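See below for the structure under consideration.
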Amino acid sequence: MQRLWRSAGVACGGALLMLCVPTVLSAAPCDQFDPTGPARSAQITLTPNDFVDERRDEMRSFIATGSLGKVDVSVVSSTPGGIVRGVSATPQISRFSPLYGEQLKGIAIAVSLKSGGKPATLILRLRQVCAEYFRNTVLYY
């Protein structure tokens, strides 16, 4: 009987130790500069609100991700079709933030469109190494 109580005490002590020491339970931190590291992906929609000039031939946005890891981007769809001339998505630290000057890690997106001034809507697929979340911001780098 004493062995049973002793075993239960050791088991409870071990469980308590694991709960009190977070490094035992936490995984190794993600290396955002390792291009083969774990990545997350999301689809982002750019609308006519993302145009940066009156000619309506460039769209920009900044997506906060908490990472500066490698970024892959692809166009899922565009309305009207064939309007996209080029897409750029680069990891960057924001220059401005609505949160008291805080610098946000994320993805700066720039899309060049064919001239014509037509309203456009784009859906982009973004994939970034070590991204913690994907939050569309009001920032335009």
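Structure data summary
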{"quantity": "Close pairs (6 angstrom Cβ cut-off, 6 or more residues apart or separate chains): within 18 Å of Lys118 (Cβ to Cβ) in the stretch 55-81, assigned to a loop (DSSP other than H, G, I, E, B) and polar (S, T, N, Q) anywhere", "calculated": "Asp57/Ser115"}
{"quantity": "Residue in the stretch 123-140 that is nearest to Ser41 (Cα to Cα), counting only those that are assigned to a strand (DSSP E or B) and modelled with pLDDT under 95", "calculated": "Arg135"}
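The values are calculated or read from the model by the stated rules, or taken from the named source; none is laboratory data. Worth saying up front: this structure is predicted, and the values here are computed from it rather than measured. Positions of Cβ are backbone-derived with ideal geometry, glycine not excepted, and every protein chain shown enters the neighbour counts.
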